[in-house]
Amino acid sequence: MTFTVTVLPSGRAFTTNPDEALLAAAIRQGVGMPYGCKDGACGSCKCKKIEGTVVHGPHQLKALSHEEEAAGFILTCCGVAQTDIVLESRQVTDESAFPIKKMPTRVNTMTRASHDVMIIRLQLPASDVFKYHAGQYVEFLLRDGDRRSYSMGNAPHTQIDNPGVELHIRHMPGGKFTDHVFTAMKEKEILRVEGPYGSFFLREDSDKPMVLLASGTGFAPIKALIEHLQFKGSTRPAVLYWGGRRPADLYLNDWVLAKVAEMPNLTYVPVISNALPEDHWTGRTGFVHKSVLEDFPDLSGHQVYACGAPIVVDSARAEYTAAGGLPEEEFFADSFTTEADKAKALA
């Protein structure tokens, strides 16, 4: 037995098995719904249930509170249909529904970008074409069945001359995957990945000015967006706010400065939260998301693309809509929730 899920206002429909998460069924059938972590942690897939019955698997209350659930909201990533369902969800398009592929990859290069960030370049099979949108991510398939997600740091067009994807990996001490990356991984190592995933990508049907907000390695998908904007010859104004604790955390600062010199519509505001005297930092300080509101108290005519730590993304979403007048549907985000964060929250 299967259930039918109808999504309004698009009218698109798909079927789901009784034990299958709604999002997994949508992805399997090429229906592009909004999502981020797929683990009940970020809330990006939250939407309104109009009809039917849904039960939820484990999830974080910050992604879906008891009050929201009582009001009829669900998380498609961990919600399972018990009947036919009617949902209300934005961004239900074909555009984000590139085929999901499992691929062997080879570690081509490893570059230490800072004391705790490694940029690795994965070589993809020469016989295959990997299609994705700038801003999306892949998942490493680990031997024990676990998965780890990382955003592509290069735009799709860069594969024309050099097939492969660039990933920015921050070392999380004690982390099953990142400990391996920073201690034992060698060039030519074979890994398996699956993707593309995620509904974070540039909405090219808009001409609104953009705020690009990144914290730490949340810069990776933002970097891909910047490359894509340049490749498309976009004239939309874009301001990048990149935050780190110390100046060294802005590990591709020179790359950004070079892009600003090449792209007349791109502006860059680096923000440091914990500068020490020996850093000799003379730029902006404080919380990166607050720097945006200091410069743009009225965001009602903007789009915001935000990536990085959940505290930054969640705070930006709340403050930009409440204080800055940003329409909720113009905030696009990818929250980088670690496995440790997920375990702590669920506990």
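No lab work stands behind these numbers, since they all come straight from the coordinates. Just so it is clear, the model here is predicted, and its values are computed rather than measured. All Cβ positions, even for glycine, are placed from backbone atoms using ideal geometry, and neighbour counts span all protein chains on display.
For LYS290, a cut-off of 19 angstrom between C-alpha atoms picks up these aspartates and glutamates, skipping any fewer than 8 places away in its own chain: ASP249, ASP298, ASP314, GLU319, GLU328, GLU330, ASP334.
Could you give the longest part of the chain that holds none of the trypsin sites (Lys or Arg not before Pro) found in DSSP loops with at most 15 neighbouring Cβ atoms within 10 Å? Walk me through the numbers before you get to the answer.
Numbers: sites that count: LYS62, ARG90, LYS131, ARG143, LYS186, LYS188, ARG203, LYS232, ARG245.
Free of exposed loop sites, the longest segment is 246-347.
From the square roots a ≥ b ≥ c of the eigenvalues of the alpha-carbon gyration tensor of region 57-142, which class results: rounded (a/c under 1.5), prolate (a/b over b/c), or oblate? Working shown, then result.
Details: a/c = 2.89, a/b = 1.81, b/c = 1.59.
Prolate.
Within the listed set GLY43, GLY135, GLY57, the residue fluctuating most in the Gaussian network model of the chain (springs between alpha-carbon atoms under 10 angstrom) is GLY57. Only one residue of GLN159, HIS171, LEU142 has its Cα farthest out toward the positive end of the dipole of region 101-197, where Lys and Arg carry +1 and Asp and Glu -1 on Cβ, and that residue is LEU142. Once you reduce region 37-79 and region 187-202 to the center of their Cα atoms, the two points are 26 Å from each other. Straight-distance candidates among the lysines for linking to LYS101, with alpha-carbon spacing under 22 Å and chain neighbours fewer than 8 residues away dropped: LYS38, LYS131, LYS188. When the Cα positions of LEU326, THR267, PHE296 are compared along the charge dipole of region 210-342, THR267 comes out farthest toward the positive end, with charges on each C-beta of Lys, Arg, Asp and Glu.
Secondary structure note: in the chain, about 60% of the DSSP beta bridges are antiparallel.
Bridgeable aspartates and glutamates around LYS49 (alpha carbons under 16 Å apart, same-chain partners fewer than 8 residues away excluded): GLU67, GLU68, GLU69, ASP84, GLU88.
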